[in-house]
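Written below as structure tokens is the structure these notes are about.
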């Protein structure tokens, strides 16, 4: 069975734009279980419950809130959440080429295989061979699933490997053991 691409667009730097596709490089096939009633094997239902009002809450009465701490929240509605989403421009913008060892490994997140799309084979191979020759890694920005990601791109056999990076504010500082 052929693997389906998860993203399609172009990788660009300077005046160069190469059509590419991204494919997941990690299988995410978790085993999911449901909670069942022992006597009859019926799925258990979870009532939504407000402990302050001591009552069941209907789905229509539920809102999203960003925690401020001490049981205080900023309520955010669907329109505000939609406005926060990054518009997907289907482009990977290379920002710079760096020595790969200069990137803190804690930043690495999800890997994707990058392959040329129709009409991009020669330019893709030129980019791949050029990166192999100089031993550099591209640092780029990509918009995927409504969010902008910083990423690296490096040679990986006959493909390129795009790996999303965690932003600095997503990392925790080490704690003494």
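The values are calculated or read from the model by the stated rules, or taken from the named source; none is laboratory data. Treat the numbers as computed from the prediction; the structure is a model and nothing was measured. Using ideal geometry, Cβ is built from the backbone for each residue, glycine included, and neighbour counts are taken over all protein chains shown.
Sort through 54, 99, 117, 77 and tell me the only one that's assigned by TED's automatic domain parsing to the domain that holds residue 143 and free of Cβ contacts under 8 Å to residues at least 40 places away in the same chain. I'd like the intermediate steps shown before the answer.
Numbers: 54 fails: assigned by TED's automatic domain parsing to the domain that holds residue 143; 117 fails: free of Cβ contacts under 8 Å to residues at least 40 places away in the same chain; 77 fails: assigned by TED's automatic domain parsing to the domain that holds residue 143.
Exactly one of 54, 99, 117, 77 is assigned by TED's automatic domain parsing to the domain that holds residue 143 and free of Cβ contacts under 8 Å to residues at least 40 places away in the same chain, namely 99.
Could you list, in sequence order, the residues of segment 78-92 that are at pLDDT below 95 and outside any loop (DSSP other than H, G, I, E, B)? Quick ask: steps written out before the conclusion?
Initially, segment 78-92 is screened for residues at pLDDT below 95, giving 78-91.
Once the filter is applied, which keeps residues that are at pLDDT below 95 and outside any loop (DSSP other than H, G, I, E, B), segment 78-92 yields 78, 79, 80, 81, 82, 83, 84, 91.
Output the residues belonging to segment 122-167 that are free of Cβ contacts under 8 Å to residues at least 60 places away in the same chain and in a helix (DSSP H, G or I).
Answer for segment 122-167, where residues must be free of Cβ contacts under 8 Å to residues at least 60 places away in the same chain and in a helix (DSSP H, G or I): 122, 125, 126, 128, 129, 130, 131, 132, 133, 134.
Can you tell which of 94, 137 is in contact with a helix residue (DSSP H, G or I) (Cβ under 6 Å, 6 or more places away or on another chain) and on the phi < 0 side of the Ramachandran plot? Walk me through it before giving the result.
On the way: 94 fails: in contact with a helix residue (DSSP H, G or I) (Cβ under 6 Å, 6 or more places away or on another chain).
Result of the check over 94, 137: 137.
Working only within segment 101-129, note down all residues that are exposed (fewer than 13 other Cβ atoms within 10 Å of the Cβ) and either touching a helix residue (DSSP H, G or I) at 6+ places or on another chain (Cβ under 9 Å) or more than 18 Å from residue 21 (Cβ to Cβ) (or both).
Of the residues in segment 101-129, the ones exposed (fewer than 13 other Cβ atoms within 10 Å of the Cβ) are 101-102, 104-105, 118-119, 122, 126, 129.
101, 102, 104, 105, 129, listed by residue number.
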